[in-house]
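Presented below is the structure to which this report refers.
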Ligand SMILES: [Zn+2]
């Protein structure tokens, strides 16, 4: 049931869950996660503020997909979208319709 995921240096897109119009958006989203991984491991120079890098690093260590059960709490889609790395990736790919989530990120990603 996974539409897309980023595993190390391999981007996997399950075309059974992605239509033609969203393939590029999906790849852009996953590429941004690859970029985030490189940023948090200091593999590349970057311009993100330390607070963003810290949030991404913490999130990669505590990342959950919808339906994950953590300490008896089941993660929903809102929880998933509100994760720091997802806010960045959806901002980059332009795939998040509700810009509330972008604005919630301390205004860093603009309006
Ligand atoms: Zn993502």
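Any residue in the stretch 12-41 that's at positive phi: show its pairings with residues that are in a loop (DSSP other than H, G, I, E, B) and modelled with pLDDT under 75 at Cβ separation under 8 Å, as long as the two are six or more apart or on different chains.
Close Cβ pairs satisfying both conditions: none exist.
Condition check ((1) under 12 Å from the mean Cα position of the chain (by Cα); (2) over 19 Å from residue 11 (Cα atoms); (3) within 11 Å of the ligand (Cβ to nearest atom); (4) loosely packed, with under 15 Cβ neighbours inside 10 Å) across all residues:
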{"site": "53", "(1), (2), (3), (4)": "no, yes, no, no"}
{"site": "66", "(1), (2), (3), (4)": "no, yes, no, yes"}
{"site": "89", "(1), (2), (3), (4)": "yes, no, yes, no"}
{"site": "94", "(1), (2), (3), (4)": "yes, no, no, yes"}
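Just checking, how many residues over the stretch 83-100 are closer than 17 Å to residue 33 by Cα, part of a loop (DSSP other than H, G, I, E, B) and modelled with pLDDT under 95? Steps first, answer last, please.
Step one: of the stretch 83-100, the residues closer than 17 Å to residue 33 by Cα are 83-96.
Retained after the next criterion (residues that are part of a loop (DSSP other than H, G, I, E, B)): 83, 94-96.
If we keep only those that are modelled with pLDDT under 95 too, we end up with 94-96.
Within the stretch 83-100, residues that are closer than 17 Å to residue 33 by Cα, part of a loop (DSSP other than H, G, I, E, B) and modelled with pLDDT under 95 number 3.
Taking only pairs six or more apart or across chains, which ones have beta-carbon atoms under 6 Å, a first residue in the stretch 69-95 that is within 17 Å of residue 31 (Cα to Cα), and a second residue that is part of a loop (DSSP other than H, G, I, E, B) and at pLDDT below 90?
Close Cβ pairs satisfying both conditions: 87/105; 90/96; 91/109.
The values are calculated or read from the model by the stated rules, or taken from the named source; none is laboratory data. Source: prediction; values computed, not measured. So basically every Cβ, Gly included, is an ideal-geometry build from the backbone, and we count neighbours across all protein chains shown.
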